[in-house]
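The values are calculated or read from the model by the stated rules, or taken from the named source; none is laboratory data. Computed from a prediction, not measured in an experiment: that's the story for all the values here. Note that each Cβ is placed from the backbone with ideal geometry, even for glycine, and that neighbours are counted across all protein chains shown.
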Amino acid sequence: MPYCATTRASGGYSPTTAPGRGQIIPAQWMIDATTVKPIDSYLAPGKSMRDFGYGYLLWLPPGPGRQFALVGDLGQRVCIDPASKLVMVQTALEDTPEAWRLWSALVKQLSQD
């Protein structure tokens, strides 16, 4: 059965843990998945795509720190910044750049605190 979650539920889960099950994805795997190694520099933000990098099925937004996003069809996304413990979930029927600008502004504002 496919996993379906409400927007609220999507924002409440860590990508490495599951309620009642503890850690399901090793922390080192997440670090590897969100780190572009020199040999894979073609996957870095701004090289793999104009604005994003790519790693292990995760999109890597440009900017400081270890941010990543799970991106679905038509603007659906879960953006995560572990350093600030920020998770933004968007359900949409349109993929527009405003969501990415909002994400960048939120990370910048919360990183300054």
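Hey, among 55, 63, which residue is modelled with pLDDT under 85 and within 25 Å of residue 26 (Cα to Cα)?
63
Take the range 53-72 and flag every residue that is free of Cβ contacts under 8 Å to residues at least 12 places away in the same chain and in a loop (DSSP other than H, G, I, E, B).
72, the sole residue that qualifies.
Just checking, how many residues over the range 73-89 are at negative phi and either free of Cβ contacts under 8 Å to residues at least 24 places away in the same chain or assigned to a loop (DSSP other than H, G, I, E, B) (or both)?
6
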